[in-house]
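Down below is the structure, laid out as structure tokens.
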Amino acid sequence: MRNFLENLKQALGAIKQNRLRTLMSIAGIAFGIASVVTVGVISQGGRDYIYSELETYGLNSIWVYREWEEDNPFAKVREGSGITNDDYAAMKKKICCPSVMMFSPSVYPEEWMKNLRVGNSFNNSSVEGVDVDYLKINNDSIEKGRNFRKDDIVRKKHVAIIGFQLKENLFGSTNPIGKSLHMGDVKFTVIGVLKFKNREFLNAIGATQGFEVNERMLIPYTSYQQIMGTKDIHTMRAEAMSGAVVNKALDEIIRLLHRRHGNRYTYQTESMLAWIETTNDVLGMVTLIGVVSAVVSLFVGGVGVFNIMSSSVIERTREIGIRKALGARKADIMLQFLMESTYISVIGGIAGIVLSWFVLVSLIFFADFTISSAWIFLSAAIFVSTVVGLLAGYFPAKHAASLSPSDALRFEN
Amino acid sequence: MIELYDISKVFELRNNIVSAIQNINVKIDKGEFVAIVGPSGSGKSTLLSILGCLSLPSSGQYVLSGVTVSELDDDSLAEIRSLQIGFVFQSYNLIPRYSALENVQMPMIYAGILEEERLDRAKLALNAVGMSDRYDHTPAELSGGQQQRVAIARAIVNNPKLIIADEPTGSLDEHSTQDVINLFQQLHMGGRTIVFVTHNMDLLPYATRVLKMEHGQLVDA
């Protein structure tokens, strides 16, 4: 421990001797470490933030619906959505689709925005007919009331689950559960309110196409089919067993549909994979930029530390000779100079952490940003600056250790 | 204690081979107080640095207390310097930013002695050279004679059998010279072997033996 303090004293002495050079190298390492920490925390935080919005669709969600644009413009356009209740029943048999965890039909008319009314309050909302598992697939949860039950579906009940904002718009602060709501002439009883979903970022980049997720109304798909007079399912929603089998799950569903309809329809599919990939690509780019700038400034800082240590060894040649005469082994001298270069570098690392702390605090202040697992980046910063210090100090320290004691003692400066 | 057989040392200087000492043969017994004299460039310092294990001879054999030093590696030499040899230099060679007490502790740090014992022994050594009231002074705060006394304390703190001194009074006034030579006499009385280089002929009567060097060789005194 005393050796540690002794070496710290010496490192601080070296800093005093070469003030400008030392400060420049510390700054170089500080910028390097600051970019490592800042970029690390930002890309981690950004990932968490974007993923939390992507999760509002369910990361393993898939969509299957009919492709209406026929390749051949002279082909007779067929009727129907290409997915029926019978198809749904067939899908639900385990043998069809082992990669699918659960299904829910999604039923909606071409004009899916409906004017909803409660007393004198109106709201233009999207209305969707769904099954019991829809909430799980779409990562929805109930804020108040309950989900649909099998019974609601089978008996085609006129019950509704409404989005958080829709509830605010139509019912204000009163409890909507058990109250009624009109879609045109048809009356529904509210049984549940959905939790608020944040899609601020996706709205901002236009990915939601103006769809107000918190103003939705969900009703049993059977009820909607009855109202619309159809047996069609307009989109089949499903959740894959895992992210790895999303494409396999889509294949299984499409194959079943083709078999049952004799290839008379073509289908479109969607999943979250493309979004997840885009997110990872963008964040990967951010990380790459950060890594490059970190490497450059750490290199510059490291060269600075190397420079300081080299001149320090020359200036203290006589001291090295004295220490050797008094019994210092090569390893003692080596360790002393390595510790000095590491101290300088770690001081730079700590300065870098302070720097990135300022950047991140202003980020939190100006943007709605949360820092997660910051300690990983802090320990990485300390680790990286230690490694830079050891690398930069290695050759000067080795040179110091290999000096011949009699030559070093003769050295005059 | 010290046996030198056919010791030579050559240096390479800009592709020229320069011979510093040639074919030195000498034995020094335990407890001797030996002065080495000779003109500048006669090889005194080279011989002293070989005796102090600071450098190895180019050829020949050096046996110190039965150990053939000339065959040892760097770390073994460091261990011998640490435990068996104490150095005193003309320019004191204290480390400027350390106090007297810290300077005297340095040989013990490299000998792996724990801090508590180090402090006790460093104080004893400083007391022995009459520096008991200067523990916390840095070299800049001490006179030349005082610095040399601290250096002597540092040289004896690990209880070495051999003291090597390179013109120990060369930078000192008459009074301090006397202090230093008195300390050396005490060490000699205490049974230590001392080898020193000097230009000061007044010191020769204190030595038990005088070795004279000329052109890299020992000549009769």
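Quick notes
- Here, the range A:181-242 has an Rg and a Dmax of 15.1, 42 Å when only alpha carbons are counted.
- In chain A, the longest principal axis of the Cα atoms and the axis of helix A:246-261 are about 20 degrees apart.
- Highest-fluctuation residue, A:V64, A:V107, A:V154 considered, GNM on chain A with Cα pairs under 10 Å: A:V154
- With neighbour counts taken as other beta-carbon atoms within 10 Å, the residues A:K187, A:K167 rank, fewest first, as A:K187, A:K167.
- Coordinate range of the alpha-carbon atoms in the range A:288-413 per principal axis, descending: 65, 22, 22 Å.
- Values of log10 I(q)/I(0) for the range B:2-219 across q = 0.10, 0.14, 0.16 Å⁻¹ run -0.44, -0.86, -1.10, by the Debye formula with one identical scatterer at each alpha carbon and no solvent.
- Value of D in µm² per second that Stokes-Einstein yields for the range A:244-295, Kirkwood Rh from Cα pairs, at 4 °C (1.567 mPa s): 93
- Selected from A:D232, A:D185, A:D87 as most flexible by GNM, with chain A as the system and alpha-carbon contacts under 10 Å: A:D185
- Average beta-carbon neighbours from other chains, 10 Å sphere, peptide A:329-337: 2
- When you restrict to C-alpha pairs under 8 Å that are six or more residues apart and normalise by the size of chain A, the relative contact order lands at 30 percent.
- The range A:91-139 - Rg and Dmax from Cα coordinates, angstrom: 15.5, 50
- Take the Kirkwood radius over Cα pairs of the protein assembly as shown, plug it into Stokes-Einstein at 25 °C and 0.890 mPa s, and you get 76 µm²/s for translational diffusion.
- Label reach from B:S171 (point 7 Å along Cα→C-beta): in the range A:372-413, amide nitrogens under 15 Å belong to A:409-413.
- Full-extension gain in nm, B:V10 to B:T208, via 0.36 nm per residue minus C-alpha separation: 68.3 nm
- Cα-based convex hull volume of the range A:60-271 per residue, rounded to whole Å³: 138
- Among the cysteines of the protein assembly as shown, those with no neighbouring cysteine Cβ under 4.7 Å are B:C53.
- Model label zone, A:N85; criterion: amide N under 11 Å from point 7 Å along Cα-to-beta-carbon; scope the range A:131-160: A:154-156
- Kirkwood Rh and Cα Rg combined as Rg over Rh, evaluated for the range A:117-241: 0.95
- For the range A:130-140, Karplus couplings with θ = phi - 60° (6.51, -1.76, 1.60), whole Hz, Gly/Pro x: 9, 9, 4, 7, 3, 4, 5, 4, 8, 6, 9
- Options A:H234, A:L116, A:P220, ranked by Cα towards positive dipole end of the range A:60-271, top entry (Cβ charges): A:P220
- Over the protein assembly as shown: helical MRE at 222 nm, DSSP H runs n ≥ 4 each giving -39500 (n - 2.57), nearest 500: -15500 deg cm²/dmol
- Note on the protein assembly as shown: antiparallel DSSP beta bridges, both residues inside, total approximately 70 percent of the bridges counted.
- FRET efficiency, A:K195 to A:N175 (Cβ-Cβ, R0 25 Å, nearest 0.05): 0.95
- For the range A:60-271: relative contact order, % (alpha-carbon pairs under 8 angstrom, 6 or more apart): 39
- Take each residue of peptide A:315-326, count the partner chain Cβ atoms within 10 Å of its Cβ, and average: the result is 6.
- Full extension of the segment from A:M285 to A:R260, taken as 0.36 nm per residue of separation minus the current Cα-Cα distance, would add 4.5 nm.
- Between A:G284, A:G58, A:G32, the Gaussian network model of chain A with springs among Cα atoms under 10 angstrom shows the greatest mean-square fluctuation at A:G284.
Bear in mind these aren't lab numbers, they're just calculated from the coordinates by the rules spelled out. It should be emphasised that the depicted structure is a prediction, and the values quoted were computed from it without experimental measurement. Because the Cβ atoms are built from the backbone with ideal geometry, glycine has one as well, and the counts that use them run over all protein chains shown.
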